[in-house]
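The values are calculated or read from the model by the stated rules, or taken from the named source; none is laboratory data. Note that the structure is predicted; figures quoted are calculated from it, not measured. Backbone-built Cβ (ideal geometry, glycine too); neighbour counts: all protein chains shown. All accessible areas refer to the heavy atoms of the entire protein, side chains included, with ligands and DNA or RNA removed. Shrake-Rupley method; radii C 1.70, N 1.55, O 1.52, S 1.80 Å.
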Amino acid sequence: AAYGRGQANIESEDFAEAESAFRAAFAIIPNPIVLLGVAGALEGQGKIAEAVATLDQYLELNPEAGDRADVEARAAALRATPGHLTVSSTPPGARISLDGQDTGEVTPAEFDLPPGSHVILLSAARREPAESTVELGFAAREEVALELTEATEPPPLVVDDEPVELDEEEDSEE
């Protein structure tokens, strides 16, 4: 009965109820196939890491599973789900570079990125740059908030890719 309720809840896209029903069914009769229903319900709720763990549990409990290749492929696809990164700064409006590439965005901003390590570099006029590295898990949500302090010295004046030296008299006229 619980398994049937779980299937009906999946069909009606009531994933939280489906998860509850499938877990109840598994508690009554711990048949590994029920875990596929749990994983589907978790995935429907956006609980990707839990869905992967449940698929792994299914494979562990059912080492001779005829659908092993399909389940492994499903788990691998879920492990590739981008993570969500929110980047903010004090003050706002800093240019954002990710992994050495200018994004064309300024803070605050949000990015969907592949799982892994990412380097965030923020820069703004008359501010010291700020950098952070974040380890973004699959389907994870992370936030990076950096403070850009006032620069101690003005950045050098560059014209046509050549630094320009100002003498003190010219500097005082500005």
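Details
- Inspection of the range 16-32 identifies no residue that is surrounded by 13 or more Cβ atoms within 10 Å (Cβ to Cβ), in contact (Cβ under 8 Å) with a residue 24 or more places away in the chain and either within 30 Å of residue 117 (Cβ to Cβ) or of a type in the set (Phe, Trp, Tyr) (or both).
- Here residue 151 clears all of (1) modelled with pLDDT of 95 or more; (2) hydrophobic (A, V, I, L, M, F, W, C); (3) touching an Asp or Glu at 6+ places or on another chain (Cβ under 6 Å) except the condition numbered (1).
- Consider the range 84-100 and keep the residues that are without any contact (Cβ under 8 Å) to a residue 40 or more places away in the chain and either in a helix (DSSP H, G or I) or not β-branched (Val, Ile, Thr) (or both). The one that is surrounded by the fewest Cβ atoms within 10 Å (Cβ to Cβ) is 100.
- If you check 103, 81, 133, 149 for being more than 10 Å from the chain's Cα centre (by Cα), of a type in the set (S, T, N, Q) and open to solvent by less than 50 Å² (accessible area, probe 1.4 Å), only one passes: 103.
- Spans of strands (runs of 3 or more DSSP E) in the range 104-144 with at least 1 residues in contact (Cβ under 8 Å) with a residue 12 or more places away in the chain and charged (D, E, K, R): 109-113, 130-136
- Within the range 106-122, being closer than 27 Å to residue 153 by Cβ and surrounded by fewer than 17 Cβ atoms within 10 Å (Cβ to Cβ) holds for 106, 119.
- Failed item in (1) open to solvent by 60 Å² or more (accessible area, probe 1.4 Å); (2) under 30 Å from residue 147 (Cβ atoms); (3) within 17 Å of the chain's Cα centre (by Cα), with residue 127 passing the rest: (3)
- Candidate set from the range 6-15 (those that are part of a helix (DSSP H, G or I) and open to solvent by 20 Å² or more (accessible area, probe 1.4 Å)); member that is nearest to residue 140 (Cα to Cα): 15
- Test: residue in the range 61-78 that is of a type in the set (Val, Ile, Thr), in contact (Cβ under 8 Å) with a residue 12 or more places away in the chain and under 29 Å from residue 35 (Cα atoms): yes
- Among the residues listed as 35, 42, the single one being under 19 Å from residue 76 (Cα atoms), among the hydrophobic types (A, V, I, L, M, F, W, C) and either surrounded by fewer than 15 Cβ atoms within 10 Å (Cβ to Cβ) or more than 20 Å from the chain's Cα centre (by Cα) (or both): 35
- Test: residue in the range 53-76 that is modelled with pLDDT under 95 and part of a helix (DSSP H, G or I): no
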